[in-house]
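A short worksheet on the structure shown next.
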Amino acid sequence: MKIYINGKFYTKENAKISVFDHGLLYGDGVFEGIRSYNRLVFKLKEHIERLFESAHSIMLSIPLTKEEMIKAVVSTLKTNDLDNAYIRLIVTRGEGDLGLDPRKCRGNATVVIIADKIALYPEKLYRDGLTIITVPTIRNLPEALNPQIKSLNYLNNILAKIEAVNAGCDEAIMLDSLGYVAECTGDNIFIVKNDHLYTPPQCMGTLRGITRDSILEIARKNNISVHEHVITRHEVYISDECFLTGTAAELIPVVKVDGRIIGNGKPGKMTFNLLKKFKELTKKEGVKY
Ligand code: PXG
């Protein structure tokens, strides 16, 4: 495995950054998780766009242009000769001192690109569906740390994941400060009711997921009624189908929430149909390498 750090490639053993890097000291940085399918990088432009938006919001200046960043990702994939990959793109504030003042990092942002494989859940769960739970930890408040910023500070999500794991569940539903369903720890959430598709709007505590947007696009093209609308836990409990979306998980069915069986307890028809169409899209769309 060859890892890109600031324009050079290193073996896994030699891929190291400073312990004074503010990405490590404070989680001060931004990231993206991207997938490639059959030598096509899915929605690469959208991921790079979101990375630059996250960086702009935290006043982190990325030392590459968007075009250069795209080239760096492509070159990492070529160097590693992976047909299907999970790419982790990280930009940290860089090396500073032990104070949190980002000016001490002198604009030396660190860019890291790792291309590897990832299977978030065992194959069986894609067939049988997940058991999930609503957890006490709410999603970060947008007025404190906006979930639209994909920052390296993921403790909010990790705490929720720990609560789900402690309860013996696969994933956590995180609510927003008003008690509406926001999203899961690394995925967006959808429900189906009477053939209509619902997902929370991106304004409260919800990341505008790129997989989420692809599913919405596929649904609209297939004349499915789509609603970006606030969702309560009650609406999840009485839904016909429920599924999660994310680059790492792709699209995975949910069959039990807070002890309530969803639909007939099996992954639903619309879920499988959207998954099939999503897979088709990943086969034909993307940046070639
Ligand atoms: N919500 C959150 C909070 C995320 O972190 C998504 C939704 C889905 O967004 P995309 O654009 O990927 O459809 C994410 C992204 C993991 C893991 O190990 C998950 C993400 C990032 C890094 C690791 O589960 N999810």
First in region 203-223 and free of Cβ contacts under 8 Å to residues at least 12 places away in the same chain and in the same structural domain as L274 (by TED's automatic domain parsing), second anywhere and more than 8 Å from the ligand (Cβ to nearest atom) and not acidic (D, E), Cβ under 9 Å, 6 or more apart: E217/L281; R220/V226; K221/K277
Test set (1) open to solvent by less than 30 Å² (accessible area, probe 1.4 Å); (2) more than 15 Å from the chain's Cα centre (by Cα) - K150 fails condition number: (2)
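Quick check on my filter: what residues within region 55-96 are small (G, A, S) and in contact with a His (Cβ under 8 Å, 6 or more places away or on another chain)?
We begin by selecting, within region 55-96, every residue small (G, A, S); these are 55, 57, 61, 72, 75, 85, 94, 96.
Across region 55-96, the qualifying residues are G94, G96.
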Single condition M69 does not satisfy, out of (1) within 22 Å of K150 (Cβ to Cβ); (2) out of contact with any Lys or Arg (no Cβ under 9 Å at 6 or more places or on another chain); (3) open to solvent by 40 Å² or more (accessible area, probe 1.4 Å): (3)
Residue within region 97-119 that is on the phi < 0 side of the Ramachandran plot, touching a His at 6+ places or on another chain (Cβ under 6 Å) and touching a residue at least 12 places away in the same chain (Cβ under 8 Å) present: yes
Check on N38, open to solvent by 10 Å² or more (accessible area, probe 1.4 Å) and in contact with an Asp or Glu (Cβ under 7 Å, 6 or more places away or on another chain): yes
Neighbours by Cβ (under 8 Å, 6+ apart or cross-chain): first from region 157-184, part of a helix (DSSP H, G or I); second more than 14 Å from the ligand (Cβ to nearest atom) and not aromatic (F, W, Y): E163/I133; E163/P136; A164/I133
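In region 87-100, what count of residues is obtained for those that are more than 17 Å from V30 (Cα to Cα) and either open to solvent by less than 70 Å² (accessible area, probe 1.4 Å) or not aliphatic (A, V, I, L, M) (or both)? Lay out the reasoning, then the answer.
So the first thing to find is which residues in region 87-100 are more than 17 Å from V30 (Cα to Cα), and the list is 97-99.
Filter again for either open to solvent by less than 70 Å² (accessible area, probe 1.4 Å) or not aliphatic (A, V, I, L, M) (or both), leaving 97, 99.
The number of residues fulfilling the criteria is 2.
Return the only residue of E235, E217, E228 being more than 30 Å from R88 (Cα to Cα), acidic (D, E) and open to solvent by 60 Å² or more (accessible area, probe 1.4 Å). Full working, then the answer.
Numbers: E217 fails: more than 30 Å from R88 (Cα to Cα); E228 fails: more than 30 Å from R88 (Cα to Cα).
None of the other options fit; the residue is E235.
The values are calculated or read from the model by the stated rules, or taken from the named source; none is laboratory data. In this text, all values refer to a predicted model and were calculated from it rather than measured experimentally. Because the Cβ atoms are built from the backbone with ideal geometry, glycine has one as well, and the counts that use them run over all protein chains shown. Each accessible area value is taken on the protein alone, full model and side chains, heavy atoms only, with ligands, DNA and RNA left out. Shrake-Rupley method; radii C 1.70, N 1.55, O 1.52, S 1.80 Å.
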